[in-house]
Amino acid sequence: MKQLLFYEQPVALNKERHRAFKIDNKGASFAFAKQTNSVIITGMEFVHVAKEYPIVFAKAGERTIPLALLGLRNDENLFVSESGQWDARYIPAFVRRYPFVLADSGDGNLAVCIDEGFAGFNQESGTPLFNEAGEQAPLLENAIRFLQEYQGQNQRTEIFVNRIMEMGLLTELTARAELAGGVKFSMSGLWVVEEKKLMELEKEKALELFRSGELGWIYAHLLSLSNMGRLADMLGKIGGEAVRVN
């Protein structure tokens, strides 16, 4: 199985192999995402994400995906504290689904998987995954429902991204930051909607975005870009006062 982002030992759930296992979320930590500077988001999340993080687009193989930026440097999530707490009101669904995930089982189908490396995955304490009859317990049922809804929103988001690409709305952006000590760095390969191109859209295409509700997603994305400054400020507290980000 292909290694997944911050999933150390993802394996397909099996009611025989995992029948006695439980999930213990006591003292739950987000340390698993400490070195993740961006995560994929769905269009339905844009409004919530925009209040906390910059939303950008990036190439992932042949696809273009929307991301919530969590940091300005590689392997650094500015929202996870040393104690593993998440310092923001909204946590992206990509993170909240952990330790569960839907992954390609190798035959073209999606399998419900779990990270066996998750500290709360054990046989001693917590909430069971399966009942005594070997059927899915409520915790697992809810997790699967969440994964299915997430998968559906991912598919809708892919349609949205393809639509704005076909309309030629995306333009490349390089985010640059400078700390007070003179340290400079940049993030390239980021794409954003160019508002000028959006305003010049043909009436029919603009109406298409409006009726689908995706115009609201676009403006949430545009508003979110002001959070680049917030990331710079957060980084400044770690490595010295931030001078600017653009």
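The values are calculated or read from the model by the stated rules, or taken from the named source; none is laboratory data. For clarity, every value in this text was computed on a predicted model and none was experimentally measured. Cβ coordinates were reconstructed from backbone atoms using ideal geometry, including for glycine residues, and neighbour counts include every protein chain displayed.
Observations on the model:
- Count of the range 37-66 residues which are within 12 Å of Phe94 (Cβ to Cβ) and of a type in the set (Gly, Ala, Ser): 1
- Selection status of Phe146, farther than 22 Å from Gly61 by Cα, in contact with a Gly (Cβ under 9 Å, 6 or more places away or on another chain) and part of a helix (DSSP H, G or I): no
- Qualifying residue in the range 138-147 (condition: touching a helix residue (DSSP H, G or I) at 6+ places or on another chain (Cβ under 8 Å), surrounded by 13 or more Cβ atoms within 10 Å (Cβ to Cβ) and among the β-branched types (Val, Ile, Thr)): no
- For first residues located in the range 141-160 and farther than 14 Å from Glu214 by Cα, partners that are small (Gly, Ala, Ser) and crowded, with 16+ Cβ neighbours inside 10 Å and lie 6+ apart or on another chain with Cβ distances below 8 Å form the pairs Phe146/Ala93; Tyr150/Ala93.
- Only a single item in (1) within 28 Å of Arg176 (Cα to Cα); (2) of a type outside the set (D, E, K, R); (3) in contact with a Cys (Cβ under 6 Å, 6 or more places away or on another chain) is not met by Leu72, and it is number (3).
- Which listed residue is buried (at least 16 other Cβ atoms within 10 Å of the Cβ), at pLDDT below 95 and over 16 Å from Pro54 (Cα atoms), from Leu179, Leu190: Leu179
- Matching residues in the range 93-137 - criterion: being assigned to a loop (DSSP other than H, G, I, E, B) and under 21 Å from Gln155 (Cβ atoms): Arg97, Tyr98, Ser105, Gly106, Asp107, Gly108, Asn109
- Any chance Leu102 is within 25 Å of Val193 (Cα to Cα) and touching a Leu at 6+ places or on another chain (Cβ under 9 Å): no
- Scanning the range 59-88 for residues that are closer than 14 Å to Ala33 by Cα and among the β-branched types (Val, Ile, Thr) yields one hit, Val80.
- Out of Glu82, Glu124, sole residue that is without any contact (Cβ under 8 Å) to a residue 60 or more places away in the chain and among the acidic types (Asp, Glu): Glu82
- Test: Glu16 is within 17 Å of the chain's Cα centre (by Cα), closer than 26 Å to Gly120 by Cβ and among the charged types (D, E, K, R): no
- Number of residues in the range 61-103 that are in contact with a Lys or Arg (Cβ under 8 Å, 6 or more places away or on another chain) and loosely packed, with under 13 Cβ neighbours inside 10 Å: the value is 1.
- Hits in the range 1-58 - residues which are closer than 17 Å to Met234 by Cβ, in a loop (DSSP other than H, G, I, E, B) and of a type in the set (Val, Ile, Thr): Thr36
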